[in-house]
Amino acid sequence: MARSDSRAARARRTGRRRLAVLVGVPVVLVLLVVGVVFSPLFTVRDIAVEGTGRLAPEQVIAAASPVDGQNLLFADTDAAARSVSELPWVEKVTVSREWPSGVRVAVTEYDAVGVVDGDDGPLVINERGRVFLRGESPEGAVPVRASADDAGALESAGKALGALPGELRGTVEEVDAPSAEEVTLRFPEGREVYWGSADRAEEKAEATRVVLTREGQRWNVSNPALPSVRD
């Protein structure tokens, strides 16, 4: 009988210990959550910015500043991303938490390949021919002769410029795009390369690089497999 009582007592003590553990785990979790919520250690104090070139990091920090001082666990990173995305030059933005007290803003800027005259001033286009900036003529953007209302012509001009390697694009003096099917790139010393459309843009970019190493003022790479001198 004594042995049976002893086993029963041990079982009761084991059960109490298990119960204490089960009760203790949620308590610890609650304390941890309370610590994160109310501890100043987890207050956003640092906003780091990466990926900017045209924009100053201070502009991005100012746009993301609503999260400054918030608890990192509840910081509204989506609102910060929306605010940053409204800045000129911003194509994509990601805002992420960096524990214990930081936020990182990763920005991808538009590539300003060309600039076209609009009714109210210059319009800057990216490599897809989309207007993303107005009223500026940024350094490196190639002048484009096209109607600002002709989306097809702007798209072809943007794709042509975007397909060129950076060094070669830097030598383009002008793009003439009276239509989406009639794109001509103009280079120093009066040299021209006729593309036609922007189809097979990567192949035409390579053909352009090659023909510019040869004699001839005016080239046609509308068929990039068979470039020819134009009369």
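The values are calculated or read from the model by the stated rules, or taken from the named source; none is laboratory data. These numbers come from a predicted model, not from an experiment. Positions of Cβ are backbone-derived with ideal geometry, glycine not excepted, and every protein chain shown enters the neighbour counts.
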Among the residues listed as GLY196, GLY166, the single one being farther than 30 Å from LEU41 by Cα and at pLDDT below 95: GLY166
Residue pairs meeting the criteria (Cβ under 6 Å; at least 6 apart or on separate chains; first under 20 Å from GLN217 (Cβ atoms) and without any contact (Cβ under 8 Å) to a residue 40 or more places away in the chain, in the range 177-200; second crowded, with 17+ Cβ neighbours inside 10 Å and among the aromatic types (Phe, Trp, Tyr)): VAL183/TRP195; THR184/TYR194; VAL193/TRP219
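Pick from ALA157, ALA75, ALA112, ALA151: which is in contact with a helix residue (DSSP H, G or I) (Cβ under 9 Å, 6 or more places away or on another chain) and of a type in the set (Gly, Ala, Ser)? Before the answer, list the steps.
Working: ALA157 fails: in contact with a helix residue (DSSP H, G or I) (Cβ under 9 Å, 6 or more places away or on another chain); ALA112 fails: in contact with a helix residue (DSSP H, G or I) (Cβ under 9 Å, 6 or more places away or on another chain); ALA151 fails: in contact with a helix residue (DSSP H, G or I) (Cβ under 9 Å, 6 or more places away or on another chain).
Result: ALA75 is the single residue among ALA157, ALA75, ALA112, ALA151 that is in contact with a helix residue (DSSP H, G or I) (Cβ under 9 Å, 6 or more places away or on another chain) and of a type in the set (Gly, Ala, Ser).
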Test: residue in the range 131-140 that is surrounded by 15 or more Cβ atoms within 10 Å (Cβ to Cβ), more than 30 Å from ILE61 (Cβ to Cβ) and without any contact (Cβ under 8 Å) to a residue 40 or more places away in the chain: no
Some residue of the range 142-156 being at negative phi, part of a strand (DSSP E or B) and not hydrophobic (A, V, I, L, M, F, W, C): yes
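Within the range 92-137, track down each residue that is assigned to a loop (DSSP other than H, G, I, E, B) and more than 21 Å from the chain's Cα centre (by Cα).
Correct list: TRP99, PRO100, SER101, ASP119, ASP120, GLY135.
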Answer from ALA112, ALA163 - the residue that is small (Gly, Ala, Ser) and more than 30 Å from PRO66 (Cβ to Cβ): ALA163
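Can you name every residue in the range 86-115 that is under 19 Å from GLU136 (Cα atoms) and among the small types (Gly, Ala, Ser)?
The answer is ALA112, GLY114.
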Among the candidates GLN59, GLN70, residue that is in contact (Cβ under 8 Å) with a residue 24 or more places away in the chain, more than 17 Å from the chain's Cα centre (by Cα) and either farther than 30 Å from GLY152 by Cα or surrounded by fewer than 18 Cβ atoms within 10 Å (Cβ to Cβ) (or both): GLN70
Selection status of LEU161, within 19 Å of ARG130 (Cβ to Cβ) and in a helix (DSSP H, G or I): yes
